Amino acid sequence: MPRAFTPKVITANALLSGDAVWLTPEGRWSTELSHAELLTDEAQATTKLTAAEARASEVVGVYLADARATANGPAPVHFREAFRARGPSNYPHGKQAEAS
Amino acid sequence: MYQYSDFDSHFVTNRAEEFRAQVARRIDGSLTEDEFKPFRLMNGLYLQLHAYMLRVAIPYGTLNAAQMRQLAMIAERWDKGYGHFTTRQNIQFNWPKLQDVPDMLDALAEVGMHAIQTSGNTVRNVTADHFAGAAADEIADPRPIAELLRQWSTDHPEFQALPRKFKIAVTGSETDRAVTKAHDIGLRMVRNAAGEAGFEVIVGGGLGRTPMIGQVIRPFLPVAELLPYVEAIVSVYNLLGRRDNKYKARIKITVHEHGIARIRELVEARFEALKSRFTGASQQILGQIEAMFAPPHFKQASTAPFDAARQADPLFRSWSDTNLSPHKAEGYAIASISLKKHGATPGDATSAQMRVMADLAEHYGHNELRISHEQNVILPHVHLSDLPEVYAALRAADLATANIGLASDIIACPGMDYCALATARSIPVAQEIAERFAALQLEHDIGALKIKISGCINACGHHHVGHIGILGLDRAGVENYQITLGGDGSETASIGERAGPGFAADAIVPAIERLVLGYLALRQDASETFLQAYHRLGAAPFKAALYPERSA
Ligand code: SF4
């Protein structure tokens with residue numbers, strides 16, 4: 001039996017800063033995972049992924065990451081994605097610095 | 001130390017210019033990422049979890065004050081005001097912007113530094129004993145050999161596309177402080193029966209997915225025959241090494257699959273063929289390099305200020321007991337500066353701290369600094385009479401932690417806080433263990449203990465050769481830490497043995513504490529180290545301390 005499709009977000013690293021970014025419903029790259037568009041349909045996710053991969057002058061290493069819906073927008077499923085969304089744990093650098 | 005020739009300077013400057021053009025073409029869209037990636041890796045630029053990372057080579061871990069200051073400037077201007085020193089004796093900048101990297105490379109070139117061959121399937125930055133040229137037990141300074149190998153391997157036409165990366169480590173004394181047995185080639189200086197200096201040549205060591213201790217291919221190689229012999233090894237590997245499977249491509253697998261006897265036969269045959277091609281030229285070059293590494297002019301002075309400070313200041317006494325090592329020159333010591341303040345990130349130094357270390361090297365240390373694979377900084381030549389001032393300056397810069405070789409002097413790779421390959425974090429584990437031992441105030445009593453942490457199977461944190469090794473894994477979507485026991489990275493190298501099931505992130509620090517307290521209860525007396533007790537008793541009582549519920 002094929003595995004059921006689980007919700008995904010499209011993510012990558014920004015070309016210039018290297019920071020983790022997510023694709024929003026408006027087609028912008030946001031540094032906030034919670035702004036991402038949660039894709040629940042497999043065919044749509046594949047189409048959007050291909051389109052995002054073509055944006056090579058903006059981002060590097062586009063892929064689909066598992067995410068789940070929350071009241072505040074998509075949230076990470078795996079801890080690696082949680083760290084990407086938050087920044088390193090030893091210094092308040094990256095996104096944490098921008099947020100504060 | 002080694003001074004760049006015009007050739008070297010042109011080479012690195014041209015490389016930086018070339019890369020500037022490549023970055024511009026990537027940004028304007030004329031290069032795709034697939035086209036660009038090999039170029040950026042060739043220049044030490046990686047893409048990590050949150051940013052790019054620039055890895056800068058510090059050949060054989062040696063740098064001078066001006067170079068350290070330039071690293072401080074680079075960290076401040078283009079990064080976040082700090083740098084991370086690695087187990088490969090490199091420095092990594094964790095936050096460069098792509099468009100700034102060419103300027104960073106230019107700034108490095110200004111002080112004769114670069115990021116070339118810090119990646120790719122080439123002969124990587126040659127590492128060396130961080131006490132080179134200073135250690136009391138040294139036969140000869142290994143850095144001229146390391147430099148000769150660097151010149152020979154840099155852009156060597158035959159060896160730019162090896163089956164896999166290739167790492168060489170060299171030590172100038174029989175005491176192995178460079179983990180030579182965990183390298184593709186390890187060169188350990190020894191004396192033969194006639195008292196002449198040469199190298200014990202070790203091949204096929206390596207950590208990572210399939211850890212192996214290197215085997216001796218030649219018990220004694222005269223120094224003059226080094227280059228043809230190393231070239232013979234690399235060229236046999238280049239032909240024989242597996243290119244079909246990335247995980248079987250390192251020379252350790254080649255040695256394992258063909259056996260050391262067969263490899264030796266092939267290498268010796270190749271060596272015979274190559275020997276005549278290496279005329280006196282390389283010996284001449286070696287002679288010139290050796291002159292550049294001539295020992296500094298050591299001063300004669302009274303050591304009374306040192307003795308007085310030890311009497312007067314218990315903190316200085318503790319630091320000098322722990323962080324000094326015997327020097328070959330009378331009245332001198334090797335001072336290790338710990339980058340392992342309890343709770344800090346192992347191996348990190350701020351720009352301000354780098355400048356303090358540069359100043360100290362200039363004023364008291366014959367303008368020399370070293371980076372150790374244990375992620376500390378060394379002042380290799382300090383006269384005892386200058387140590388009280390050195391210590392005071394280190395204290396003011398928060399660099400005076402007295403823990404070299406102790407439980408909190410932990411090696412930790414960047415792990416999942418930065419590294420894109422990681423399966424779990426390592427830095428927070430190191431921070432918590434160090435803080436725990438600081439709170440217990442037991443580490444001086446515990447004595448020599450090497451804890452090493454890697455955030456994935458690639459083992460950059462050398463966990464296999466830690467007395468206590470910790471490997472961070474992803475077990476069904478949760479961070480999980482596996483412990484190995486009894487590893488050893490010295491001349492008596494061995495791979496640690498897995499202790500049992502892994503521990504969750506919130507259980508790993510208590511587990512290490514149980515283990516170490518268990519050792520305290522098991523040891524014969526305070527002179528028996530963790531590793532000695534482990535060898536005497538075997539793994540069982542240590543496992544019982546780790547897994548009390550099982551033995552209950
Ligand atoms: S051991 Fe793994 S996680 Fe750690 S630095 Fe190396 S590749 Fe990254």
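What about A:E53, is it free of Cβ contacts under 8 Å to residues at least 24 places away in the same chain, acidic (D, E) and within 21 Å of B:D28 (Cβ to Cβ)?
Values: free of Cβ contacts under 8 Å to residues at least 24 places away in the same chain: yes; acidic (D, E): yes; within 21 Å of B:D28 (Cβ to Cβ): yes.
So A:E53 fits the description; yes.
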Log entry, pairs with first residue in the range B:455-476 being outside the structural domain of B:A511 (by TED's automatic domain parsing), second being near the ligand (Cβ under 9 Å from one of its atoms), beta carbons closer than 8 Å, six or more apart or on different chains, reads none
If B:M113 satisfies every condition in (1) modelled with pLDDT of 95 or more; (2) not in a strand (DSSP E or B) but one, which is the exception?
-> (1)
Applying the selection to the range B:178-208, what residues are in a loop (DSSP other than H, G, I, E, B), surrounded by fewer than 24 Cβ atoms within 10 Å (Cβ to Cβ) and on the phi < 0 side of the Ramachandran plot?
-> B:N192, B:A193, B:A194, B:E196
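Condition check ((1) over 20 Å from B:C419 (Cβ atoms); (2) away from chain B (no Cβ under 12 Å)) across all residues:
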| residue | (1), (2) |
| --- | --- |
| A:A4 | yes, yes |
| A:L16 | yes, no |
| A:V21 | no, no |
| A:E32 | yes, yes |
| A:L49 | yes, yes |
| A:L64 | yes, yes |
| A:V77 | yes, no |
| A:R80 | no, no |
| A:R84 | no, no |
Mind checking whether some residue in the range B:423-443 is under 22 Å from B:T180 (Cβ atoms), away from chain A (no Cβ under 11 Å) and assigned to a helix (DSSP H, G or I)?
-> no
Which number in (1) outside any helix (DSSP H, G or I); (2) facing chain B (nearest Cβ under 9 Å); (3) at pLDDT below 95; (4) surrounded by fewer than 16 Cβ atoms within 10 Å (Cβ to Cβ) marks the one condition that A:A97 misses?
-> (1)
B:T484 fails exactly one of the following numbered conditions: (1) more than 14 Å from chain A (Cβ to nearest Cβ); (2) within 16 Å of the ligand (Cβ to nearest atom); (3) surrounded by 24 or more Cβ atoms within 10 Å (Cβ to Cβ). What is the number of that condition?
-> (3)
Please indicate, with yes or no, whether at least one residue in the range B:325-345 is within 14 Å of another protein chain (Cβ to nearest Cβ), within 16 Å of the ligand (Cβ to nearest atom) and either open to solvent by 20 Å² or more (accessible area, probe 1.4 Å) or touching a Phe, Trp or Tyr at 6+ places or on another chain (Cβ under 6 Å) (or both).
-> no
Report, by residue number, each residue of the range B:501-534 that is in a helix (DSSP H, G or I), farther than 14 Å from B:I446 by Cβ and out of contact with any Asp or Glu (no Cβ under 9 Å at 6 or more places or on another chain).
-> B:P510, B:A511
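Strands (runs of 3 or more DSSP E) wholly in the range A:1-91 with at least 3 residues that are of a type in the set (V, I, T) - which ones? Break it down stepwise before answering.
Details: elements: A:8-14, A:20-23, A:59-68.
Here the list reads A:8-14, A:59-68.
Could you tell me whether any residue of the range B:127-147 is outside any helix (DSSP H, G or I) and closer than 23 Å to A:Y91 by Cβ? Write out each step before concluding.
Of the range B:127-147, the ones outside any helix (DSSP H, G or I) are B:127-142.
In the following step, the residues that additionally are closer than 23 Å to A:Y91 by Cβ were identified as none.
There is no residue in the range B:127-147 that is outside any helix (DSSP H, G or I) and closer than 23 Å to A:Y91 by Cβ.
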Is the range B:215-237 home to any residue that is in contact (Cβ under 8 Å) with a residue 60 or more places away in the chain, open to solvent by less than 40 Å² (accessible area, probe 1.4 Å) and under 28 Å from B:L471 (Cα atoms)?
-> no
Residues being outside any helix (DSSP H, G or I) and not hydrophobic (A, V, I, L, M, F, W, C) - total across the range B:314-326 | 2
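The values are calculated or read from the model by the stated rules, or taken from the named source; none is laboratory data. No experiment lies behind these values; they were computed from the predicted model shown. Quick reminder, even Gly has a Cβ in these numbers, built from the backbone with ideal geometry, and neighbours come from all protein chains shown. Remember, those area values only see protein heavy atoms, side chains included, never the ligands or the DNA or RNA. Shrake-Rupley method; radii C 1.70, N 1.55, O 1.52, S 1.80 Å.
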